[in-house]
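What follows is a short report on a single structure.
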2 protein chains.
Amino acid sequence: MELGFFTMPLHPPGANHADTLEADLKQLIYLDQLGYSEAWIGEHYTAEWENIPAPDLLIAQALGVTSQIRLGTGVTCMPNHDPFSIAHRIAQLDHMSRGRFNWGVGSGGFPGDLHVNGFDPRTGANREMTRQAVELVLQLWKDPKPGIYKSEWWDFNIPEPEDDIALRVHMKPYQNPHPPIGVAGVSPKSETLTMAGERGWLPMSINFVSEHILRSHWTAIEEGASRAGKSADRSNWRIAREVVVADSSTEARKQALSGTLARDMECYFLKLLPRSKMMGLLKIDPNMPDSDVTVEYLVDNIFIVGSPEEVTEKLSSLDESVGGFGTLMAMGHEWVPEGFWKTSMGLLKEEVMPKLKTLGR
Amino acid sequence: MELGFFTMPLHPPGANHADTLEADLKQLIYLDQLGYSEAWIGEHYTAEWENIPAPDLLIAQALGVTSQIRLGTGVTCMPNHDPFSIAHRIAQLDHMSRGRFNWGVGSGGFPGDLHVNGFDPRTGANREMTRQAVELVLQLWKDPKPGIYKSEWWDFNIPEPEDDIALRVHMKPYQNPHPPIGVAGVSPKSETLTMAGERGWLPMSINFVSEHILRSHWTAIEEGASRAGKSADRSNWRIAREVVVADSSTEARKQALSGTLARDMECYFLKLLPRSKMMGLLKIDPNMPDSDVTVEYLVDNIFIVGSPEEVTEKLSSLDESVGGFGTLMAMGHEWVPEGFWKTSMGLLKEEVMPKLKTLGR
C-alpha cells in the first residue's frame with residue numbers, strides 16, 4: 001500500500017489567506033521530505049472553509065520546493081473552467097513539474113461554486129459538462145484541429161496555423177499522452193468511478209464514506225473496466241481517510257476528539273453534509289439517525305485513529321474489507337498543534353506503512 | 001532609475017516546453033540574486049515563440065525560489081479570462097507572494113489569441129471588454145455583492161452568503177486594496193497609458209518603440225493624470241528596452257547582431273510587426289521604408305547595446321530625451337551563450353545602474 005495525502009484544505013472562516021496558504025505549502029514540503037508519494041489539493045471558490053480557488057497555483061509554488069512527491073489537483077472542477085484555457089494551464093503545469101503531476105478532474109460539489117457558474121446540480125448538467133469538457137481537453141492535446149468549438153458551455157475557435165509567425169496551438173502535456181487523470185467518487189456505485197474504470201483513470205474514493213459504500217465503489221470501477229474489456233487494477237485505487245496516529249491510542253483519540261479534525265467535522269462537514277443529503281454515506285447502519293453521526297461515532301467507525309499498532313490493524317482490516325486498494329490518502333487538517341500532527345504523519349509513514357507493504361496488490 | 005525585467009518569453013518554435021520553462025525560471029532566480037527589482041512575464045496561447053499561456057503558474061513556482069524580486073503578469077490578457085475566476089486566481093497569487101506581486105493587465109495583442117476568444121481587434125471589443133473586466137475585478141475585491149453578473153462577455157452569479165457553512169465569496173488580495181496594476185502601452189499617445197495616468201496604475205512603455213513615441217506616451221500619461229486632477233509621477237513610468245552589455249562595445253554589438261536577440265527579431269518580430277502594421281513604431285524617421293528596419297538599424301537606434309560606459313551614456317540620453325522615467329525593464333531573450341548573458345545582466349545591474357541612481361526622479 002502506498003501513502004498519499006489529500007487536502008481540501010480546511011481552515012476556519014476568517015483565517016488569513018496568506019498564513020493558510022503558507023501552512024498548506026509547508027505541509028506539502030514536510031510530506032515530500034517524509035516520502036509521501038502524492039498529494040492532491042482541492043479547488044473551491046465560495047467555500048471559506050476550503051479556501052483555495054486555484055490549486056494549480058499552490059502546486060506550482062510547491063514544485064520549486066519539493067523533490068519527489070507527485071502533486072495533483074483534487075480536483076479541477078471543470079464547470080469552473082473553459083476547456084481551451086484549462087488544457088493550456090494543465091499542460092504547462094505538467095511541463096513545469098516534468099511529469100510530477102496528476103490531473104484530478106470533477107464536476108464540482110460545493111453548492112455555491114455550482115451556483116456561480118449557473119449549474120443546478122439536480123439537473124446533472126455539471127456532470128455532463130464535465131464529461132464533455134474532459135474529452136475535449138484530451139482531444140485538444142491530441143490534435144487541436146482548427147475550427148469553431150461551441151456548445152452550451154463554451155465557445156472558442158482554434159485558428160489555422162500560420163507558419164511564418166508560428167501562430168498555432170502548440171502546447172501538449174509533458175507526460176505522454178497526458179498526465180494521469182484522477183476522479184473522485186462519493187456516492188454508492190458512483191458513475192464517476194465507473195468512468196474511471198472504463199477509461200483507465202485513477203479512481204479515488206473520498207473520505208468518510210463507510211466500508212459498504214467503498215465496496216460498491218470497487219464494483220463500479222470493475223463494471224467500468226469490464227465495459228472496456230479491461231480488468232481493473234486495485235493498485236490504482238485510492239481511498240481517502242482521516243488518519244491520526246500517536247504513541248498511544250489514548251493520545252490519538254484525545255486529539256481526534258478535541259482538535260482541528262473534530263472542529264472541521266463539527267463546525268463544517270456535519271453541517272454541510274445534511275444539506276446535501278449526504279449523511280447516509282457516513283453510516284455503517286443505514287437506519288441510524290443523523291444525530292448519531294457524531295465525531296465520536298466517526299472516530300470509532302470511520303476514521304483511522306490510534307497507536308501505530310492500532311492504525312496498522314485498522315488499515316489491514318479496511319484493506320481486507322474492501323478487497324484491497326493501492327494508496328491510502330491521509331486527509332489534511334490544520335496541523336495544530338504542529339508537533340503532534342507532524343509526529344502523526346511521520347508515524348503513519350515510518351511505523352505503519354512498512355507493515356502494510358504487501359497489501360494493495 | 002530602478003532596474004527590472006520583462007520577458008515574453010521568446011523561444012524558437014519546436015523548443016521543448018519543459019526546458020524553456022526551466023530556463024525562464026532560472027532567469028528569474030538569477031535576476032533575483034542580482035537584485036533586479038521586478039520581472040514581468042507575458043501570457044500567450046497561440047504564439048509558439050512566446051510560449052507561456054499561464055504566467056501566473058510560472059510566477060507561483062518562482063515565488064518559492066526567489067526572495068526579493070517583485071513578480072508580475074506581463075500582462076494578464078483579460079479577453080482570455082472571466083472576471084470571477086481571474087479575481088480569485090490573482091488574489092490567491094498575491095497572498096502566496098505576501099504582496100511581492102504586480103498585476104499587469106491588457107487587452108491582448110497577438111492575433112491568434114484574440115481569434116481564440118472571438119474578438120476582432122478592429123472593432124476594439126477586446127479593449128472595451130478589458131476596461132469593463134478590470135473594473136469588475138476591482139469591484140469583486142471591494143464588495144462582492146450577491147447577484148447576477150452578465151454582459152456580452154461573461155455570465156456568472158455571486159451567491160447569497162450562508163453563514164452556517166461559510167458559503168461566501170471571501171477572497172480579497174493580500175495588498176490593500178489590491179496589487180499595483182500595470183498596463184503596457186505601444187501606440188503613439190496610447191489610450192491605455194492615458195488610463196494608467198488617470199487611474200494611478202503603473203504605465204509601461206513596451207520595447208522597441210522609438211523615442212518620439214515614448215515622449216507621446218508620457219504626454220498620454222500626464223493627460224490621464226490631469227483628467228483625474230492628479231499629477232503623473234515619472235518614477236512609476238517603466239520603459240522596456242533590449243539591453244546588451246559586454247566588457248567592450250565590439251563584443252556587445254557582435255552578440256546583439258548575431259545571437260538570440262537578432263534571431264528573435266529577424267525570425268519573429270520583423271515578420272509579426274508588419275502584419276499588424278506596427279513597423280512605424282520602430283522608425284526614428286517616419287518616412288523610412290520598412291526594409292530599412294533591420295537588426296543593425298535597431299542596434300544602432302533603438303536597442304541599448306555597448307560597453308558599460310556606452311550603455312550608461314545611452315540610458316542617460318534616453319532618460320533625458322523622454323524627460324525622465326523610473327524603471328528600465330531589460331527584455332528577456334534566451335541566455336545563449338549563458339555566460340555572456342549573465343555577464344550582460346550583471347554588468348547592467350552592477351556597473352551601469354549605480355551611475356544612473358539620481359535619474360528617474
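Out of everything in the stretch A:1-15 that is under 11 Å from A:LYS349 (Cβ atoms) and touching a helix residue (DSSP H, G or I) at 6+ places or on another chain (Cβ under 7 Å), what residue ends up being farthest from the other protein chains (Cβ to nearest Cβ)?
A:LEU3
If you check A:GLY99 against the conditions, is it within 12 Å of chain B (Cβ to nearest Cβ) and in a loop (DSSP other than H, G, I, E, B)?
So A:GLY99 passes the test.
Among the listed residues B:GLY306, B:GLY339, which satisfies the condition of being modelled with pLDDT of 95 or more, over 21 Å from the mean Cα position of the chain (by Cα) and surrounded by fewer than 18 Cβ atoms within 10 Å (Cβ to Cβ)?
Exactly one of B:GLY306, B:GLY339 is modelled with pLDDT of 95 or more, over 21 Å from the mean Cα position of the chain (by Cα) and surrounded by fewer than 18 Cβ atoms within 10 Å (Cβ to Cβ), namely B:GLY339.
Cβ contacts < 8 Å: first residue on the phi > 0 side of the Ramachandran plot, restricted to the stretch A:145-162; second residue of a type outside the set (Lys, Arg), any location; separation 6+ or different chain. Result?
Here the result reads A:GLY147/A:ASN157; A:GLY147/A:ILE158, each pair linking the stretch A:145-162 to a residue that is of a type outside the set (Lys, Arg).
Could you say whether any residue in the stretch B:108-115 is more than 12 Å from chain A (Cβ to nearest Cβ) and not acidic (Asp, Glu)?
Checking the stretch B:108-115: at least one residue is more than 12 Å from chain A (Cβ to nearest Cβ) and not acidic (Asp, Glu).
Take the residues in the stretch B:73-96 that are facing another protein chain (nearest Cβ under 7 Å) and in contact (Cβ under 8 Å) with a residue 12 or more places away in the chain, then tell me which one is farthest from B:ILE158 (Cα to Cα).
So the residue we want is B:MET96.
Please identify the pairs in which a residue from the stretch B:16-38 that is within 12 Å of another protein chain (Cβ to nearest Cβ) has its Cβ atom under 9 Å from the Cβ atom of a residue that is assigned to a strand (DSSP E or B) and of a type in the set (S, T, N, Q), counting only partners at least 6 apart or on another chain.
Pairs that qualify, where the first residue is within 12 Å of another protein chain (Cβ to nearest Cβ) and the partner is assigned to a strand (DSSP E or B) and of a type in the set (S, T, N, Q), are B:ASP24/B:THR7; B:LEU28/B:THR7.
Which of the residues that make up the stretch A:261-299 are over 22 Å from the mean Cα position of the chain (by Cα) and touching a residue at least 40 places away in the same chain (Cβ under 8 Å)?
Answer for the stretch A:261-299, where residues must be over 22 Å from the mean Cα position of the chain (by Cα) and touching a residue at least 40 places away in the same chain (Cβ under 8 Å): just A:ILE284.
The values are calculated or read from the model by the stated rules, or taken from the named source; none is laboratory data. Everything numeric in this text was worked out from a predicted model, so none of it was measured. Positions of Cβ are backbone-derived with ideal geometry, glycine not excepted, and every protein chain shown enters the neighbour counts.
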